[in-house]
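Colleague: Just passing along the structure, written as C-alpha cells.
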Amino acid sequence: MTLPAVMPTAALLVASFFTGVLSYAWFGPRQHSSSSQTQPQLSAPSRRLAPGQPLAIREEVDSSDSEEEAGSVDQIRDWTIDDGPFKLVLVVNSELKMGKGKVAAQCCHATLGCYKTARRHAPNCVKSWEYLAQAKICVKCPEESEMWQIREKAEAAGLVTYMVADAGRTQIPSGSRTVLGIGPAPETAFLGITDHLKLM
C-alpha cells in the first residue's frame, strides 16, 4: 500500500478518535439498551419548592383545601341517557361569606370529587352528562345545617354526593363544609332536593 493511499485512512481514524473524545466529554458515556436493564427511577422531589413549580409537586406543601367524600355508594343509581338531560349541582354554603375565588376553588373540588365517585359507581350517568354538555349549576344554601339535610335527601334518592371540608389555611375555620356537590344525574332527580335554592 502506497503512502498516498494510507493517508486518507489515517486521517479518518484520527478524526473518528477525536469525534469520540469530544462526544464523551459533551454527552457523557453512551447507555446501551438491553432487555435485562431497568430504567433509572426518578428521585422524589425536594420539599423546598419554588413558587413557579407545577401544582402536581406543590400541592402537598401549600394546598389550602382538603376534601371529604360523603355519601353511601351502595345506594347510587346509574341512570342512562334516556333519562336526561343531566346536570351536576353545586350547593355553596353562603353562611361562610367566602370570596369569589374561594367559592370557585371549592366548587372545583366538589365537581372533581363527584366526577371521580360517579365514574366508579355511576358510569352511565357520567357518559350521559359528558355527552350532554356537562351542565353545572351553582346554588346558594343559607346554612350549613341545611346542606346536611340536602345531602341526606340526595343520598336517599340514589344521587352521588361529595362534601368539601376546608383545611382552614386561608379564609375560613378548619373543617368548615364549603360546597356540596350532587350528581351528575337527570334534572328530574333533583326535584324536591335542590330546586328551591337560588342561583349564585
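The values are calculated or read from the model by the stated rules, or taken from the named source; none is laboratory data. Please read these numbers as outputs of a predicted model, since none were measured by experiment. FYI the Cβ positions are ideal-geometry reconstructions off the backbone, even for glycines, and counts take in every protein chain you see.
Colleague: Report, by residue number, each residue of the stretch 95-145 that is over 18 Å from the mean Cα position of the chain (by Cα), farther than 17 Å from residue 83 by Cβ and among the polar types (S, T, N, Q).
Modeller: 145
Yes/no matrix, rows are residues, columns are (1) closer than 17 Å to residue 92 by Cα; (2) crowded, with 22+ Cβ neighbours inside 10 Å; (3) among the acidic types (Asp, Glu); (4) within 24 Å of the chain's Cα centre (by Cα):
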residue	(1), (2), (3), (4)
148	yes, no, no, no
151	yes, yes, no, yes
178	yes, yes, no, yes
185	no, yes, no, yes
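Colleague: Hey, another quick one. Does the stretch 98-113 hold any residues that are small (Gly, Ala, Ser) and crowded, with 18+ Cβ neighbours inside 10 Å, and which are they?
Modeller: 105, 110, 113
Colleague: Sticking with this structure for a sec: Are there any pairs, at least 6 apart or on different chains, whose C-beta atoms fall under 8 Å, with the first in the stretch 87-105 and within 23 Å of residue 184 (Cα to Cα) and among the small types (Gly, Ala, Ser) and the second in a strand (DSSP E or B) and modelled with pLDDT of 95 or more, and if so, which?
Modeller: Once the first residue is within 23 Å of residue 184 (Cα to Cα) and among the small types (Gly, Ala, Ser) and sits in the stretch 87-105, its partners that are in a strand (DSSP E or B) and modelled with pLDDT of 95 or more give 94/140; 94/141.
Colleague: If you don't mind, another one. Can you list residue pairs whose Cβ atoms sit under 6 Å apart, with the first residue in the stretch 113-135 being free of Cβ contacts under 8 Å to residues at least 40 places away in the same chain and the second being of a type outside the set (A, V, I, L, M, F, W, C) and surrounded by fewer than 14 Cβ atoms within 10 Å (Cβ to Cβ)? Count only pairs 6 or more apart in sequence or on different chains.
Modeller: Correct list of pairs: empty, since none qualify.
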